[in-house]
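Notes for the one structure printed next.
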Amino acid sequence: MANGQFTQKKPESCVFVIFGVTGDLTHRLVIPSLYNLAASGLLPEKFCVVGVARKALSHAALRESLMQGLRKFATRPVVDAIAERLLECVTSVEADPGDPTSFDGLKEQLLKLEAARSTGGNRLFYLATPPNAFAPIARELGRVGLLQEEDGAAWRRLVVEKPFGTDLESAKALNAELLKLLTEHQIYRIDHYLGKETVQNILVLRFANGMFEPIWNRHHIDHVQITVDEKLGVGHRGSFYDATGALRDMVPNHLFQLLSLVAMEPPARFDAHTVRSEKAEVLAAIQTPSEEEALKNSVRGQYAAGTIGDTEIPDYRKTEDVKPDSTTETYAALKLTIDNWRWAGVPFYLRTGKALGLKRTEVAIKFREAPFAMFNCTPVQELAENYLVIGIEPTEGITLQFNTKVPGPTVVTDGVEMKFRYKDYFKAEPATGYETLIYDCMIGDNILFQRADSVEAGWQAVQPFLDAWKKAGARGVESYRAGSEGPASAAELLKRDGRSWRKLS
């Protein structure tokens, strides 16, 4: 994990090969992240980018396209000299896994570039492509010998975007396919949430502060809420989203990454193997529900037409490329329990959805109520709830909510908040969240990336819900208005346990 610009080393020389270089992900996140690394002096001395597309552009046309994307999506002012130096090393190459001979050509061009740029043979392959292209691209790279590592020789690494599989069976199949071609240490399953400062800070918050770890357990924590709410609707991604849904799209990756960091046991050492093992352990400990329990402990919703700000959001079923009778959920809420000593009896409530009234990602730790019998004869029988809230989007920070006495002659209490905000305290440059992850890929630190067993444990946990929902069909899919807080039954999921969702702001 990066420790700050002043102590970070430059990565070794390498070639950065992007499959899907003409796509949205490359323009919106990958190139802006590389620019931010360049601006911070954290790219290798000898470095070049190979942009691979099924239909190649000229080198000049690709560079111009990437420059336009950088100016549109950059998180900081673009300095022309830095941008031009970065994009000068971009080479356009045509390759299509449907045409095996094109990968022979890719290998030939790559070897020439490595010799000309003196990159030493180190290669980072980034698959910014649709998921169905992951295995075919990896197979062709393996066939032409571009992935093979030899002892003491150059390194070869493969970065795979989410979603990693569509269910437990497909995730296992993809893992098996990749592990025929590479070793686990060569595979970087990326989730941009783990590049966010506040997400990484969960480990520091828990394990570098003696005040938190003693109370981070079932004796002091009542429950945990993990929220990833989005204001945007499906937009132009109707075809992809209708085949995926909110549960597959968000829970096994984003939400489970947050859950595993909050719930994992303290690692014996701060290294990739130990930390990832603890994260996999806690995901494997999530209780597997029966079909009846899965339906009882989950909520599915689908947004209807509404207004968010000044934007009219059409009914989900009227979105382009969405089936008019679709039962795909755009909102999902789950109640999960973890079968281990630390968390026995502590529910974890997860919720995520599209076209909601607020954009908000947070983890809320709800502490057990203090006994307040001593206040029975005063107006303080209704105390404010004690929360530790880790905010991730749109504001990164930490809030502690507790009770205090209101000034005056009588005992009146009120809930107050102590707030820490990254942008206020550290004055850090805005980032995409990918900078740390791409840097870690180049230096070979995979602590922030999912391992095969962790991916499969995540799908194992959600598979009962997928199966139960598929069998139930349209039954149980609740409509909610775009711009609202989501389905009404999501509140019932907690209300029957005597709890409620934390009010978002």
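Could we say that P163 is of a type outside the set (S, T, N, Q), open to solvent by 20 Å² or more (accessible area, probe 1.4 Å) and either over 23 Å from I438 (Cβ atoms) or part of a loop (DSSP other than H, G, I, E, B) (or both) here?
Numbers: of a type outside the set (S, T, N, Q): yes; open to solvent by 20 Å² or more (accessible area, probe 1.4 Å): no; either over 23 Å from I438 (Cβ atoms) or part of a loop (DSSP other than H, G, I, E, B) (or both): yes.
So P163 does not fit the description; no.
Across segment 183-216, which residue is nearest to R156 (Cα to Cα) among those that are at pLDDT 90 or above, touching an Asp or Glu at 6+ places or on another chain (Cβ under 9 Å) and buried (at least 19 other Cβ atoms within 10 Å of the Cβ)?
The residue in question is Q186.
Inspect segment 44-53 for any residue being in contact (Cβ under 8 Å) with a residue 12 or more places away in the chain, under 30 Å from R269 (Cβ atoms) and in contact with a helix residue (DSSP H, G or I) (Cβ under 9 Å, 6 or more places away or on another chain) and give the result as yes or no. Break it down into steps so the answer makes sense when it comes.
As a first pass, look at segment 44-53 and keep what is in contact (Cβ under 8 Å) with a residue 12 or more places away in the chain: 44-53.
Now restrict to residues that are under 30 Å from R269 (Cβ atoms): 44.
Narrowing the set further to residues that are in contact with a helix residue (DSSP H, G or I) (Cβ under 9 Å, 6 or more places away or on another chain) leaves 44.
Scanning segment 44-53 turns up at least one residue that is in contact (Cβ under 8 Å) with a residue 12 or more places away in the chain, under 30 Å from R269 (Cβ atoms) and in contact with a helix residue (DSSP H, G or I) (Cβ under 9 Å, 6 or more places away or on another chain).
Give the residue, chosen from H236, H219, that is at pLDDT 95 or above, open to solvent by 30 Å² or more (accessible area, probe 1.4 Å) and outside any strand (DSSP E or B). Lay out the reasoning, then the answer.
Working: H236 fails: at pLDDT 95 or above.
On inspection, the qualifying residue turns out to be H219.
Output yes when any residue across segment 421-434 is in contact with an Asp or Glu (Cβ under 9 Å, 6 or more places away or on another chain), over 30 Å from A304 (Cβ atoms), among the basic types (K, R) and modelled with pLDDT under 95, and no when none is.
Within segment 421-434, the subset in contact with an Asp or Glu (Cβ under 9 Å, 6 or more places away or on another chain) is 421-423, 426, 428, 431, 433.
Right, trim to over 30 Å from A304 (Cβ atoms) and you get 421-423, 426, 428, 431, 433.
So of that shortlist, the ones also among the basic types (K, R) come out as 421, 423.
Applying the additional criterion that residues be modelled with pLDDT under 95 yields 421, 423.
Checked segment 421-434: at least one residue is in contact with an Asp or Glu (Cβ under 9 Å, 6 or more places away or on another chain), over 30 Å from A304 (Cβ atoms), among the basic types (K, R) and modelled with pLDDT under 95.
The rows are residues; the columns are (1) open to solvent by 20 Å² or more (accessible area, probe 1.4 Å); (2) farther than 18 Å from L127 by Cβ; (3) among the polar types (S, T, N, Q).
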position: S13; (1), (2), (3): yes, yes, yes
position: I31; (1), (2), (3): no, no, no
position: V49; (1), (2), (3): no, no, no
position: H59; (1), (2), (3): yes, yes, no
position: R63; (1), (2), (3): yes, yes, no
position: P77; (1), (2), (3): yes, yes, no
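With the requirement that a residue be within 15 Å of V159 (Cβ to Cβ) and surrounded by 23 or more Cβ atoms within 10 Å (Cβ to Cβ), what does segment 447-467 give you?
Correct list: L448, Q450, V455.
Quick check on my filter: what residues within segment 134-170 are under 20 Å from D440 (Cα atoms), under 20 Å from the mean Cα position of the chain (by Cα) and without any contact (Cβ under 8 Å) to a residue 60 or more places away in the chain?
Residues satisfying the conditions are L158, V160.
For segment 171-202, what are the residues that are basic (K, R) and within 13 Å of the chain's Cα centre (by Cα)?
Keep residues of segment 171-202 that are basic (K, R), which gives 172, 180, 189, 196.
Of everything in segment 171-202, those that are basic (K, R) and within 13 Å of the chain's Cα centre (by Cα) turn out to be R189, K196.
On the basis of being at pLDDT 95 or above, out of contact with any helix residue (DSSP H, G or I) (no Cβ under 9 Å at 6 or more places or on another chain), within 27 Å of R499 (Cβ to Cβ) and open to solvent by less than 20 Å² (accessible area, probe 1.4 Å), does D229 make the cut?
Numbers: at pLDDT 95 or above: yes; out of contact with any helix residue (DSSP H, G or I) (no Cβ under 9 Å at 6 or more places or on another chain): yes; within 27 Å of R499 (Cβ to Cβ): yes; open to solvent by less than 20 Å² (accessible area, probe 1.4 Å): yes.
Against the criterion (at pLDDT 95 or above, out of contact with any helix residue (DSSP H, G or I) (no Cβ under 9 Å at 6 or more places or on another chain), within 27 Å of R499 (Cβ to Cβ) and open to solvent by less than 20 Å² (accessible area, probe 1.4 Å)), D229 qualifies.
The values are calculated or read from the model by the stated rules, or taken from the named source; none is laboratory data. Predicted model only: the values in this text are computed from it and were never measured. Here Cβ is always computed from backbone atoms with ideal geometry, including for glycine, and neighbour counts include all displayed protein chains. Protein only, heavy atoms only, side chains kept; ligands, DNA and RNA dropped before computing areas. Shrake-Rupley method; radii C 1.70, N 1.55, O 1.52, S 1.80 Å.
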